[in-house]
1. For the range 382-399, which residues satisfy the criterion of being assigned to a helix (DSSP H, G or I) and in contact (Cβ under 8 Å) with a residue 24 or more places away in the chain?
2. Looking only at the range 314-351, count how many residues are without any contact (Cβ under 8 Å) to a residue 12 or more places away in the chain and either open to solvent by 50 Å² or more (accessible area, probe 1.4 Å) or under 26 Å from V239 (Cα atoms) (or both).
3. Give L300, L293, L282 a once-over and let me know the one that is touching a residue at least 40 places away in the same chain (Cβ under 8 Å), over 30 Å from V78 (Cβ atoms) and either out of contact with any Gly (no Cβ under 6 Å at 6 or more places or on another chain) or of a type in the set (D, E, K, R) (or both).
4. Given the conditions (1) modelled with pLDDT under 85; (2) crowded, with 19+ Cβ neighbours inside 10 Å; (3) over 29 Å from A178 (Cβ atoms); (4) among the small types (G, A, S), which single one is not true for A28?
5. Scan the range 409-421 and give yes if some residue there is open to solvent by 10 Å² or more (accessible area, probe 1.4 Å), among the hydrophobic types (A, V, I, L, M, F, W, C) and under 22 Å from A284 (Cα atoms), otherwise no.
6. Could you say which residue among T256, T261 is in contact (Cβ under 8 Å) with a residue 40 or more places away in the chain, within 15 Å of A87 (Cβ to Cβ) and open to solvent by less than 10 Å² (accessible area, probe 1.4 Å)?
7. Please verify whether M429 is surrounded by 15 or more Cβ atoms within 10 Å (Cβ to Cβ), of a type in the set (A, V, I, L, M) and at pLDDT below 90, treating the condition exactly as stated.
8. Kindly provide the set of residues from the range 166-212 that are modelled with pLDDT of 95 or more, open to solvent by less than 10 Å² (accessible area, probe 1.4 Å) and within 22 Å of V149 (Cα to Cα), ordered by number.
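The values are calculated or read from the model by the stated rules, or taken from the named source; none is laboratory data. Given the structure is predicted, the values throughout are model-derived calculations rather than measurements. Note that we place each Cβ from the backbone using ideal geometry, even for glycine, and neighbour counts take in every protein chain shown. Note: accessible area is taken over every heavy atom of the protein model, side chains too, but ligands, DNA and RNA are not part of it. Shrake-Rupley method; radii C 1.70, N 1.55, O 1.52, S 1.80 Å.
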Amino acid sequence: MPDEEVQTLNRPQAARTAAPRSLPAPAAAPQPAWLGPVLLVGIVLAALNLRPAITSLGALFEETREGLGMSGTVAGLVTSVPALCFAVFGVTAPRLSRRFGPAAVVCAGMAAVAAGLLIRPFATNAAGFLAASALTLAGIALTNVLLPVIVKRWFPDRVGTMTGLYSMALAAGTSLAAAATVPMTRGLGGSWRTGLLVWAFLALVAVLPWLAIAAAARKEKAAATGVPAARPDAGPGVVRSRTAWALACYFGLQATGAYITMGWLPQIFRDAGVSASTAGILLAVTMVMGVPLAFIIPGLAGRMKNQGPIAVVLGLFGLAGYLGLYFAPAAGAWAWVLMLGVSNCAFPLVITMIGLRAKSPAGVVKLSAFAQSTGYLISIPGPLVVGVLYQHSGGWDLPLALMAGLLVPQIVLGILAGRDRTIEDECGMRD
């Protein structure tokens, strides 16, 4: 019996006789044939743009500091802004998604990324540069949270495969910007402003498919007249879910490890006697490892009921890599970076688990926002603590011990987050 008729029968007799008979809701409009391929392109292009704003700046950070006259304090603020923006702006994604739809918000997010990258190179002071960077990072934060929702909404039976696809694109964009920014800058005249501006054009290209996707989603919503809209509080209350907290803390610890690796790994090798150029190549190898594995791991995780064993394996690779850096940083450098590259693939794993630990798109958007925002807040102190330990101890023994030690709770949390359950079940919610 349709829901509308059940509700009508449950009303008092007077209300039933007075109420007009409701018509059945029309069937959902069929999706246009072009939408699937355009979604694939849009997801890949969006993922490619989620890190170049950060890694391109890292490659030209010294030149940018000098060009804008940044103090050491302001420079330190710039390095901590990404995680802070991801946490702050990511919280707004569920509300925006409910009001405008996830496709429209991702489209706006890509436009914000492009606008910030276009404005940033023309800043004449540190304040303007920070404001433009914050605009870009806000767009990245929204897209970070909502891409798992897009996958769950349009590809519910291929969560692992699609998550692997955009995780691989994200890793490729990260590596490409880190490796290509300096050579491109030199080839375009040597100005750091030009080197940063180049990446705005990739973001502009990413906006185009999302304009079409957002328009199709809007038409689909308009065609679904008569279908009851989701309540503003639709979806489970994730803060009551132990799995949600396990995912958030796992996300935070893996992000801590990734930011420490990106920020400090070259310095570890340089202090061990490795040349600056080789240290940069070693870091690039660590990041490039994420390209193939970011596709393989989500696909594998999507076929497993329990993803805990994958979290254990990734954590053990990280422990081996940090122990190697502790005892023989230069002698086994290539082996250690390969191991750390495998360990850093906890990111595509946790993104996949976010899509698997909720039954509905409404649950995924809440879980994604909660896990990523809370996780990025957890990750903020890590690189700063490592820097303080390095400065005050005069070496890498204590920082490496800390980095290895953090992998133990990360493994435990990965086991908890990987269990075959959903947040709706834990919170007593129906589908």
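1. Passing the criteria: G382, P383, L384, V386, G387, Y390, D397, P399.
2. Total satisfying the criteria: 2.
3. Within the list L300, L293, L282, the selection yields L300.
4. (2)
5. The answer is no, given that none of the residues of the range 409-421 is open to solvent by 10 Å² or more (accessible area, probe 1.4 Å), among the hydrophobic types (A, V, I, L, M, F, W, C) and under 22 Å from A284 (Cα atoms).
6. So the residue among T256, T261 that is in contact (Cβ under 8 Å) with a residue 40 or more places away in the chain, within 15 Å of A87 (Cβ to Cβ) and open to solvent by less than 10 Å² (accessible area, probe 1.4 Å) is T256.
7. yes
8. Listed by number, the residues that qualify are A203, A206, W210.
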